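In what follows, a single structure is set out as structure tokens and then discussed.
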Amino acid sequence: MTSHSPAARTHALWLVLLAAAGTFALTMGTRQTMGLFLSPLNTATGLGVGSISLAFAFGQLWWGLTQPFAGIVADRIGAGRVLFIGALLVALGTVITPLMSSTAGLIFAIGVLAAGGAGMAGPSVLMAATTRLMPADKRGMATGIVNAGGSFGQFLMAPVAAGLSASLGWVTALQLLGLTVLLALPAAWVLRGNAQALHAPAGGAQPLGTRAAVRAALRDPSYRLLAAGFFVCGFHVAFLATHLPGVVAACGLPAQVGAWSLAVIGLFNIVGSFAMGWAVGRWRMKSLLSLVYAVRALAVLVFLLSPKSEAVVLVFAAVMGLSFLSTVPPTAGLVAKFFGPAHMATLFGLVMLAHQVGGFLGAWLGGKVFEATGAYDWVWYIDILLAAGAALVHLPIREAHLPLRAAARA
């Protein structure tokens, strides 16, 4: 953002947002529609829902494991190169998925290549690049817009994937989705650069290194509580993304309802992301997070007690959409507020790792519980308890700058 013209600066800011939100739309849209292909993969391979769920679950875990390391690399050599490689890996892993006939092959395609690439081109790098390139007073809304991009990708790609599967077959549909991710490659140039300039504090003081920043964060109780809450978010999101079409089928509803429920989640998450981006500048972020998790617990309880119809499923999807990824802006905002933007990609990447450990359990347990009981009820019960716990665990978080945080920012 070096231009001195206000119009040019505004244009550059919107270009940054378009690049980051568009990249997130393509990677998240592709990943979040993969649940639609679980049943065709099971039919084609005969591996069983549990084995295929393991590949999806490993993808959730690997997506989280790659983000801290991708963040470290992006902080040092620049986000552009990381995003470029990430988009290529997502495309490759998605395209070769239909060619895999074993659990190990699916883990490699879905869980290593596609998920690892999505982690490299995921929220930790995108949010950090956006935070670095945006003025401080616009960062809350900017992260909300980037987050909404991922939601828009899910809203757009879920019905497109269902339509392509019906007309061209699931193999062609999945491979076409993989190739669309290549549209994110130009964004790598827009978001190029690193955070090295942010590491040099005023007055010639010694900048805080990555290891010292990580140690300072892990010693902070509020940072640990934030990560614990994000673990619950990962459990919830991964279970819905992987198994909601299966939940719909188990209710005896048409398969199209499963696709549209994922699309509705994406559509309403756009609203939730924008609303949360606006709210983080006006209310305490920890309180907003507690509210989101409480809404999730209540919504799942009401859904379990309601008769299962198309209308009920779509209304449930809408409510879930409002809270689906709206946790990301306040979580990223708290990390930036605690420690500043210098190590944002690394420290938010660690929080994302906790998120994806929860995601692994949500995706894997969904398949195992269904195989064991023929229903998803016990996963819903666990989800309610975790969401209620997450609503409570954010309350002790201290948003004021503690001495440790002040030292990390200095």
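Bear in mind that the values in this text are calculations on the coordinates, not laboratory data. None of the values given here were measured: they were computed from a predicted structure. Cβ placement follows ideal geometry from the backbone for every residue including glycine, while neighbour counts extend to all protein chains displayed.
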Please sort through the DSSP H helices of the chain and keep those with an alpha-carbon extent of at least 18 Å along the long axis and a Kyte-Doolittle average not below 0.0. 6-32, 49-77, 79-96, 139-168, 221-250, 255-279, 285-305, 310-324, 344-373, 377-393
Taking the highest mean first, how do the peptides 209-219, 35-45 order by number of other beta carbon atoms within 10 angstrom per residue? 35-45, 209-219
Once you have the alpha carbon radius of gyration of the range 242-302, what is it after dividing by 2.2 N^0.38 Å, with N set to its residue count? 1.41
Please report, in debye to the nearest 20, how large the charge dipole of the chain is about its Cα centre when each Lys and Arg carries +1 at its beta carbon and each Asp and Glu carries -1 there. 1240 debye
Ratio for the range 32-129, C-alpha Rg to 2.2 N^0.38 Å, reads 1.12
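Sort 113-124, 78-89 for me by packing, meaning the mean count of neighbouring Cβ atoms within 10 Å per residue, highest on top.
Working: 113-124: 29.2, 78-89: 23.1.
The densest-packed peptide leads the list: 113-124, 78-89.
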Log entry: pair-distance distribution for the chain, C-alpha pairs binned every 10 Å from zero, whole % per bin is 5, 24, 35, 24, 9, 2, 0
Using the Cβ atoms and a cut-off under 13 Å, what net charge is assigned to the surroundings of residue 78, where Lys and Arg are +1 and Asp and Glu are -1? +3
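Over the range 286-355, what number does the Rg to Rh ratio reach, with both radii from the alpha-carbon atoms and Rh per Kirkwood? Kindly include the intermediate steps, with their values, before the conclusion.
Details: Rg = 15.7 Å, Rh = 13.8 Å.
That ratio is 1.14, to two decimals.
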222 nm mean residue ellipticity, helices alone, for the chain (DSSP H n ≥ 4; -39,500 (n - 2.57); rounded to 500): -25500 deg cm²/dmol
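Return a single number: how many Lys pairs in the chain, at a sequence separation of 8 or more or on separate chains, have alpha-carbon atoms below 26 angstrom apart. The partial results should precede the final answer.
Details: 138/286; 138/337; 286/337; 308/368.
The result is 4.
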Work out the charge dipole of the range 14-139 with +1 on the Cβ of Lys and Arg and -1 on the Cβ of Asp and Glu about the Cα centre, then indicate which of 41, 28, 17 is farthest towards its positive end. 17
Can you find, among 372, 86, 345, the residue sitting farthest towards the positive end of the charge dipole of the chain, where Lys and Arg contribute +1 and Asp and Glu -1 at Cβ? 345
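Where does each of 266-272, 379-385, 163-169 land if you order them by average Cβ count within 10 Å, highest first? Before the final figure, lay out the partial values.
Values: 266-272: 23.4, 379-385: 18.0, 163-169: 13.9.
Those peptides, ordered most packed to least, come out 266-272, 379-385, 163-169.
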For the range 238-274 and the range 120-181, what is the separation of their C-alpha centers, rounded to whole Å? 16 Å
